[in-house]
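Some notes on the structure that comes next.
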Amino acid sequence: KKIIIVGGVAGGSTAAARLRRLDEQAEIILLEKGPYISFANCGLPYYIGETIQDRNKLLVQTAEGMSARYNMQVRTSNEVTAIDRSAKSITVTNLETGETYQESYDELILSPGARPVVPPIQGIQEAEELFTLRSVPDTDRIKTYIDEQHPKHAVVVGGGFIGLEMAENLRERGLDVTIIEMSSQVMGPIDYEMASIIHQHLIDKGIQLILDDGVQAFEDHGRKVITGNGLEINTDMILLSIGVRPENELAKNAGLSIGERGGIQVNDQLQTNDPHIYAIGDAIEVKDYTNGQPTMVPLAWPANRQGRIVADAIYGRKAAYHGTLGTSIAKVFDYTVAATGNNEKTLTKLGVPYDVVHVHPASHAGYYPEAKSIALKLVFDKETGNIYGAQAVGMDGVDKRIDVIATAMKGGLTVMDLPDLELAYAPPYSSAKDPVNMAGYTAT
Ligand code: FAD
């Protein structure tokens, strides 16, 4: 079997490694248009902030390492530009030599990811110090600019994960930071009252937070940002982090079916409408695990999980992807924000009735030092006890509680089961009634 994988980072390299384990004979070719495969996208903001100091640590696996270890061809700086489905072949351009060639396949896996949205804002073309963050070269550009030009002020457009992580890391580097967010809150996966805790914390950390306002124009080569509400902000650099768009051009041009939001459509085996072409990761439309609706969830867990499942599916093993819960987490200065499943905003939009409880237990026994309050919110169906989702904000122990609830949701447990979860307890870690138990008691 000859299997070609397009995209060599999260989903692509996981799929490649699994394929090799399943078949020692297969011919596997991994094609990546960028200079690196398998880099730590999620670590990039922390390298800019210098929490991660060694650039090599970002390069989890090199092309040479991967090809030697797994006996496969790994070609970086090779961009796939077209798929000929009837000939089962692709067109590739070697970006270093400019040479173009064809490569045939038996099975093709697309894991091209998603790229930052860059809207046609007035003056954006002329803005000089305007950055987006996706790749190692993007990271190098931002870090070099900070290291060499010592900017004093940054505007971060968009208050999602990457925007907030970057705001913190730019602050770490001594910059003053303004965040401009179009909606009334940062961090989409949580609801407004939970985000309010983060709003206050950002302000306490010296961030200028502008909500309910968007960028209308960049002036003076990007040195001045004009907002819709008429604010004028002088700045030395701009980070655009207003979301990502699936890289669907290859699939679209090959006539593969694409969903309303631009994601490549696949079945539970991650197969597109062409039985020899599979797609995974940020580029695909997935089923929301909680409400069953099509959605896009550009996160690393789904990409990695799908990378393994797609390899199993190609080899006829029993494997299926059952949807994405959207479990997510981020550090925002001293706070952790995490969520899983659906929030109130989503359920309201869908017209699904729900109940909510808020609890504020301590992260561990109050009499043991450093206990911190966790704001924990549970969204559920009062009748059936079905858990729709959970959100937590706090300085300690947030990750554990959301992960326990995410596990409960995948296991089909209800709020009635939460008091019955027997969780690890000693004073430095929890209480005899864990915050998850407490949420369950309160809900029932
Ligand atoms: P990617 O990992 O993006 O890989 C796709 C690759 O395909 C790219 O390298 C691209 O160059 C290549 N490619 C595209 N088109 C072609 C083509 N035509 N030919 C050849 N190659 C092509 N997720 C989390 O869960 N937690 C986090 O903390 C987190 N932090 C993040 C921080 C940052 C700064 C970024 C950018 C992302 C972060 N993510 C995080 C998201 C996570 O990295 C992605 O969900 C994940 O990498 C998606 O995997 P993928 O394989 O679909 O795409």
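Per-residue ellipticity at 222 nm for the chain, helices alone: DSSP H runs ≥ 4 residues times -39500 (n - 2.57), over residue total, nearest 500 deg cm²/dmol? Please list the in-between numbers first.
Numbers: 11 runs with 114 residues, N = 444.
One gets -7500 deg cm²/dmol as the mean residue ellipticity at 222 nm.
Let me spell out the model: positive unit charges on the Cβ of Lys and Arg, negative unit charges on the Cβ of Asp and Glu, origin at the Cα centre of the chain. What dipole size does that give, in debye rounded to 20? If you can, show how the numbers build up before the last one.
Numbers: 40 positive and 57 negative charges, 206 e Å.
It works out to roughly 1000 debye.
Mind checking which of VAL118, MET187, VAL225 is farthest towards the positive end of segment 103-246's charge dipole, using Cβ charges of +1 (Lys, Arg) and -1 (Asp, Glu) about the Cα centre?
Going by the Cα projections, it comes out as VAL225.
Please report Rg (one decimal) and Dmax (integer) in Å for the Cα set of segment 239-364.
Values for segment 239-364 (Cα only, Rg and Dmax): 17.1, 54 Å.
Which loop trypsin sites (Lys or Arg not before Pro) in segment 259-321, with loop taken from DSSP, have no more than 13 other Cβ atoms within 10 angstrom of their Cβ?
Those that pass, being in a loop and sparsely packed, are ARG261, ARG317, LYS318.
Under 5 Å between amide hydrogens, which residues at least 5 positions from VAL244 or on another chain qualify, with H placed 1.01 Å from N in the peptide plane?
Sorted by chain and number, the residues that satisfy this are VAL117.
Enumerate the lysines that LYS433 could reach by cross-link, defined here as Cα to Cα under 17 Å, with residues fewer than 8 away along the same chain left out.
Correct list for LYS433: LYS372, LYS377, LYS400.
Compute the separation of the alpha-carbon centres of segment 257-292 and segment 1-66 and state it in Å as a whole number.
22 Å
Can you give the net charge of the other residues whose Cβ lies under 14 Å from the Cβ of ARG55, counting K and R as +1 and D and E as -1? Each step should come with its number before you reach the end.
Working: positive: LYS57, ARG141, LYS143; negative: GLU50, ASP54, ASP138, ASP140, ASP147.
So the surrounding residues net to -2.
Working out 0.36 nm times the residue gap between TYR192 and ASN71, then minus their Cα-Cα distance, what length gain in nm do you get to one decimal?
Numbers: separation 121, 0.36 × 121 = 43.56 nm, distance 4.99 nm.
Length gained, TYR192 through ASN71: 38.6 nm.
Lysines near LYS252 by alpha-carbon distance under 27 Å, same-chain residues fewer than 8 away left out - which ones?
In chain and number order, the partners are LYS1, LYS2, LYS33, LYS88, LYS287.
Specify the inter-centroid distance of segment 135-150 and segment 196-245, based on alpha-carbon positions, in whole Å.
Distance between centres, Cα-based: 20 Å.
Grab the other residues whose beta carbon is less than 10 angstrom from that of ASP106, score K and R as +1, D and E as -1, and report the net.
+1
Could you check what % of the DSSP bridge pairs in segment 163-266 are antiparallel, to the nearest 5?
Details: 8 of 11 bridges.
Approximately 75 percent, going by the DSSP bridge assignments.
Antiparallel versus total DSSP beta bridges in the chain: what percent is that, nearest 5? Provide the component values of the computation, followed by the final result.
Details: 51 of 83 bridges.
The antiparallel proportion sits near 60 percent.
Under the rule a/c < 1.5 gives rounded, and otherwise a/b versus b/c splits prolate from oblate, where does segment 305-444 land using the Cα gyration tensor?
On the way: a/c = 1.82, a/b = 1.45, b/c = 1.26.
Since a/c reaches 1.5 and a/b is larger than b/c, the shape of segment 305-444 is classed as prolate.
Mind checking the dipole of segment 145-222: about its Cα centre, +1 per Lys or Arg Cβ, -1 per Asp or Glu Cβ, Debye to the nearest 20? Present the calculation step by step, with values, prior to reporting the outcome.
Values: 4 positive and 14 negative charges, 29 e Å.
The calculated dipole for segment 145-222 is roughly 140 debye.
Could you give the distance between the Cα centres of segment 84-118 and segment 419-444, to the whole Å?
50 Å
Classify the chain as rounded, prolate or oblate, taking a ≥ b ≥ c as the square roots of the eigenvalues of its Cα gyration tensor: rounded when a/c is under 1.5, otherwise prolate if a/b is larger than b/c and oblate if not. Display every interim value, and only then the final one.
Details: a/c = 1.76, a/b = 1.19, b/c = 1.49.
Verdict is oblate for the chain.
Would you mind counting up the charge near ASP434? Only other residues with Cβ under 14 Å from its Cβ, with Lys and Arg at +1 and Asp and Glu at -1.
Numbers: positive: LYS400, ARG401, LYS433; negative: ASP396, ASP399, ASP403, ASP417, ASP420, GLU422.
Counting the neighbours of ASP434, the net charge comes to -3.
Just need the relative contact order of segment 287-444 here, percent rounded to a whole number, with Cα pairs under 8 Å and 6+ apart.
Working: 288 pairs, mean separation 32.7, N = 158.
The normalised contact order for segment 287-444 reaches 21 percent.
Please tell me the relative contact order of the chain in percent, rounded to the nearest whole number, where contacts are Cα pairs under 8 Å and at least six residues apart.
On the way: 992 pairs, mean separation 57.5, N = 444.
Once divided by the residue count of the chain, the mean separation gives 13 percent.
In segment 422-444, whose amide N lies under 16 Å from the spot 7 Å out along Cα-to-Cβ of ALA365? List them in ranges.
Taking a point 7 Å out along Cα→Cβ of ALA365, the residues of segment 422-444 whose backbone N falls under 16 Å are 423-435.
So for the pair GLN53, ASP84, with labels modelled 7 Å out along Cα→Cβ, what separation do we get in nm?
Computed distance between label sites GLN53 and ASP84 equals 5.4 nm.
Treating cross-link reach as a plain straight distance, find the lysines whose alpha-carbon is under 27 Å from the alpha-carbon of LYS224, omitting any fewer than eight places away in the same chain.
Partners within reach: LYS143, LYS152, LYS205.
Tell me the GluC sites (Glu not before Pro) within segment 1-73 that lie in a loop according to DSSP and have at most 16 other beta-carbon atoms within 10 Å.
On the way: sites: GLU24, GLU27, GLU32, GLU50, GLU64; in loops: GLU24, GLU32, GLU50.
Here the GluC sites (Glu not before Pro) that fit, given the DSSP loop and packing criteria, are GLU24, GLU50.
Rule-based calculations on the coordinates, nothing more; no lab input. Please read all numbers here as calculations on a predicted model, not as lab measurements. Note that each Cβ is placed from the backbone with ideal geometry, even for glycine, and that neighbours are counted across all protein chains shown.
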